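> Below you'll find the structure I mean.
What follows draws every value from the coordinates through simple rules; no lab data is involved. Given the structure is predicted, the values throughout are model-derived calculations rather than measurements. Every residue, glycine as well, gets a Cβ built from its backbone with ideal geometry; the counts of neighbours run over all protein chains shown.
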Amino acid sequence: MRTKSRRRILSAVAATCALTLGATACGSPDPGAEGSAKDVASALESGGKVTVWAWEPTLKKAAADFEKKYPKVHVELVNAGTGDKQYTALQNAIAAGSGAPDVAQVEYYAVGQFAIGKSLQELSPYGASAHDQAFTTGPWSAVKYGNGIYALPMDSGPMALFYNKKVFDRYGIAVPTTWDEYVEAARALHKADPKLYITNDTGDAGATTSLIWQAGGRPYKVEGTEIGIGFGDAGTAQYAATWQKLIDERLLAPITSWSDEWYKGLSDGSIATLSIGACMPANFVTGAPAASGDWRVAPLPQWTKGAKAAAENGGSSLAVPKASKNKALAYAFIEYATTGAGATARVSAGAFPATRADLESQAFLDSPFPYFGGQPANRILADAARDVGTGWSYLPYQVYANSVFNDTVGKAYVSSTTLAQGLEAWRAASAKYGKDQGFTVAE
Amino acid sequence: MITDPTGPSSGTRERTVHSGADSNGAAAGSPGPPVTQPPHAAPRRRRRRAHTPLDPRPSIPLTLVTGLVLVYTLLPLAWLVINATKDQEDLLDSFGLWLGEDFQLWDNISRTLTYDDGAFVRWTLNTLLYVAAGAGGATLLAVLGGYALAVYEFPGRRAVFAVVIGAVAVPGTALAVPTFLMFSGMGLANTPWAVIIPSLVSPFGLYLMWVFTAQAVPSELLEAARIDGAGELRIFFRIALPLLVPGTVTVLLFSMVATWNNYFLPLIMIKDPDWYPLTLGLNAWSAQARTAGGEPVFDLIITGSLLTIAPIVVVFLLLQRYWQSGLAAGSVKE
């Protein structure tokens, strides 16, 4: 009995370790030699199996094409969960020392966390640095950490304003071009019909950071293990003041994004706009089929009239975990899926490109969206991709920070706490965690 | 037990009559004690039916409460059945407890079975495998173990009893992560074994079979068989097992339901969609709606959920006789 209970304690400790995301102490040991471009070529020749953990739908096509091109390679595509669920599974598998995939989909905001946890393979020896002109700036800077390249960008999410034209036309409201006009439009809509809301929001870390990004705020500064966190800049203040009005006047539908209620709101027009990334059209087509033809795409409202600022929301990359047993072949697959013909095929299957060549291709820009009444929406989205503000970085433990967003900023949505106070609480919580993890955090 | 239901011999009956009189209207307002019924009321009721403690008269509040519980239980089921007949558009636009514009049930079922290269069929077969191997094995082990513990005296039996009772109190969820690390170390994670092997252990089933065997298999019978020269295996299979059928079916049902609905263990163990059980598969479909660039398939999730619960409902209806007698085992002293 005694040994049994001791074993139980040991495994409980191991489990805690596995569940602590980003704990450097839990990183797996480096399994050895770095690869080269030559290894990649020979791996393709000898073939083998590549296990890919991803949820991005167009990868199915890339995997099939890749297998056709290299018949000796078998790509096993596994949906191990979406977003943080997959990250937990990945961290568990890495800590357990077996069962980790050869390739993992990692969202841009999470790349830093896995890179600093020494969980990802640095890819420049395999030839990743040759692609530094192939991708747009936002995604490319997101996959770099320090001097290394830890993933290849798979898609991008430049933000735009998706709006229900039918609702706006019915009440004679102009599509807002600035956030002040947006607040006016929110008031007018809700006054015209109390069931209508300009948008939904119950507190979403990704959306908040993206809008701060667009407003010019740069709350996170990261240099190696030195981190600065501060929500005191003008951009953040402007965002908080505007959004506070929407919250105080109850102009935001209390509906959580991606829920069935949300799709219902998009479908019946009670949620009139979404400020969201370019991956959204696919969800519209299948998730709100009844509203086909009602919606259009416009540039995101601006914080200063006449400006052209944009930001990224979502988007992910493909990375090779250090625990992979076949890194060269894994790299061959991610290179195929994210660049050249593989990327173009995924774009025509519905992915929004992170590659310059695809973003500038005329066929891509001209393709009409029947759901948006035939509008060539990619033009607006491609412009937004070009206008994404530079110099943004996420925390190297953003997955954790986002997980405590609702305990801090989320309070502003349900109590008398203001958004500014919520952001300050979020900063404090993030700084404390960073210190506990051994980062130097400047206040 | 033939008694006059209106007689004042017991408090219970008195109350029964009283509430009956109140709700009866004919007796309403009669000020006297409950025994003094209006002369015409008592004979009429007696003619209709004699209410005894074993056959009490229906109580209106109790019936109301039962009705409420019934509605509460059936409403989600009704919602599921109704909404399985709608397509995605109707699902979002029409009233939840009434039919939509088109009756899409058959179309939904065929799309559920074929979507994603027939993944649903694969998941159903996986679930059947886990139930057959996991729940079947758990039942077998519980019957063997319970019989042995009830019939044979051996040193350490009390310790085994303590361990089994302790194990009943530990939820499987709490052990899932340690189990994962163990299986991962053995290289069995992400294989069907990782779901089947932990499902084989059912402390509650073992305890139930133990108690049931002590009740249902008289030791005199076993002694008689031994005197007649039957071996222990023969005694178990030919004499004890037929007596243990109700308990066995109960344990089988318990573990079948648990394995069929198991979500957390496969969630941790299985990453390969080819080995998903239905619970994980439906969750994966549901996650598509939360994925940027994904394809929300609410209609298929709802139809899939209906198809998922149907077999369990059928099994319950077919085996409920055994289930009830199994649960009642030990509640009456003979």
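> Filter the cross-link list A:LYS165/A:LYS245; A:LYS191/A:LYS411; A:LYS85/A:LYS166; A:LYS165/A:LYS305 down to pairs whose alpha-carbon distance in this structure exceeds 31 Å.
Working: A:LYS165/A:LYS245 24 Å; A:LYS191/A:LYS411 26 Å; A:LYS85/A:LYS166 37 Å; A:LYS165/A:LYS305 22 Å.
Pairs exceeding 31 Å: A:LYS85/A:LYS166.
> If you don't mind, there's one more thing I want to ask. With springs only between Cα atoms under 10 Å apart, run a GNM on chain A and tell me which of A:TYR171, A:TYR87, A:TYR163 wobbles the most.
Maximum fluctuation in the GNM of chain A, among the listed residues, is at A:TYR171.
> Name the lysines eligible as straight-distance cross-link partners of A:LYS68: C-alpha to C-alpha under 19 Å, and not fewer than 8 places from it in the same chain.
Result set, ordered by chain and number: A:LYS49, A:LYS60.
> Mind pulling the angle between the C-alpha long axis of helix A:84-96 and the longest principal axis of chain A? Nearest 10 degrees, somewhere in 0 to 90.
10 degrees
> Now for a separate question. Working from Cα positions, state the angle (0 to 90°, nearest 10) between the long axis of helix A:37-46 and the longest principal axis of chain A.
For helix A:37-46, the angle is close to 80 degrees.
> Over chain A, with a Gaussian network built from C-alpha contacts below 10 Å, which listed residue (A:ALA54, A:ALA110, A:ALA43) shows the highest mean-square fluctuation?
Fluctuation is largest for A:ALA43.
> While we're looking at this one, here's another question. Among A:220-227, B:297-304, how do they line up from the highest to the lowest mean number of other beta-carbon atoms within 10 Å? Don't jump to the answer; show the numbers that get you there.
Values: A:220-227: 15.2, B:297-304: 23.6.
Taking the mean over residues of other Cβ atoms within 10 Å, the ranking is B:297-304, A:220-227.
> Right, another one. Shielding of A:279-287 by partners, i.e. mean partner chain Cβ atoms within 10 Å per residue? Don't skip to the end; give the middle numbers.
Numbers: counts 4, 2, 1, 6, 9, 1, 2, 8, 9.
The mean count of partner-chain Cβ atoms within 10 Å per residue comes to 5.
> Going highest first, how would you order B:228-240, B:102-114 by mean Cβ packing within 10 Å? Before the final figure, lay out the partial values.
Working: B:228-240: 13.3, B:102-114: 15.9.
Packing order, densest peptide first, comes out as B:102-114, B:228-240.
> Sticking with this one: Run the simple label-point estimate for B:ALA162 and A:SER259 please: 7 Å along Cα→C-beta, distance reported in nm.
A separation of 4.9 nm, rounded to one decimal place.
> Can you pull the mean other chain C-beta count within 10 Å for peptide B:292-304?
Mean inter-chain Cβ contacts per residue within 10 Å come to 6.
> Identify all aspartates and glutamates with a Cα-Cα distance to A:LYS69 below 17 Å; exclude those on the same chain that are fewer than 8 residues away in sequence.
Cα-Cα hits under 17 Å: A:GLU45, A:GLU335.
> Also: Only sites in a loop by DSSP and with at most 15 other Cβ atoms within 10 Å count here; which chymotrypsin sites (Phe, Trp or Tyr not before Pro) in region A:351-437 make the cut?
Nothing satisfies the criteria.
> Quick one: of the DSSP bridges fully inside the protein assembly as shown, what percent are antiparallel, nearest 5? Write out the running numbers ahead of the final one.
Numbers: 26 of 42 bridges.
The antiparallel proportion sits near 60 percent.
> Still on this model: What is the sum of charges around A:PHE369, taking Lys and Arg as +1, Asp and Glu as -1, for the other residues whose C-beta is under 15 Å from the C-beta of A:PHE369?
Residues near A:PHE369 contribute +1 overall.
> On a 0 to 90° scale, report how tilted helix A:327-338 is relative to the longest principal axis of chain A, with both axes built from alpha carbons and the result rounded to the nearest 10.
20 degrees
> On to the next question. If you count, for every residue in B:176-186, the Cβ atoms of partner chains within 10 Å of its Cβ, what is the mean?
Details: counts 1, 9, 9, 2, 9, 11, 4, 3, 9, 5, 1.
For peptide B:176-186, the averaged partner shielding equals 6.
> Follow-up. Given the peptides B:258-270, B:165-177, arrange them by the average over their residues of other C-beta atoms within 10 Å, most packed first. Provide the component values of the computation, followed by the final result.
Working: B:258-270: 20.5, B:165-177: 13.3.
Per-residue Cβ counts within 10 Å, averaged per peptide and sorted highest first, yield B:258-270, B:165-177.
> Shifting gears a bit: Only helical DSSP H runs with n ≥ 4 go in: add -39500 (n - 2.57) per run for the protein assembly as shown, normalise by residue count and round the 222 nm mean residue ellipticity to 500 deg cm²/dmol.
Values: 36 runs with 417 residues, N = 777.
Taken over the protein assembly as shown, the calculation gives -16500 deg cm²/dmol.
> Continuing with the same structure: Reachable lysines from A:LYS144, Cα under 20 Å, same-chain residues fewer than 8 places away excluded?
List returned: A:LYS118, A:LYS221, A:LYS322, A:LYS327.
> With contacts defined as alpha carbon pairs under 8 Å and 6 or more residues apart, what's the relative contact order of region A:359-398 in percent? Please report the intermediate quantities before stating the final value.
On the way: 21 pairs, mean separation 11.3, N = 40.
RCO, region A:359-398: 28 percent.
> Can you list residues from other chains, or at least 5 along the same chain, whose modelled amide H is less than 5 Å from the amide H of A:THR178?
When sequence neighbours closer than 5 places are left aside, the close amide H contacts are A:GLN302.
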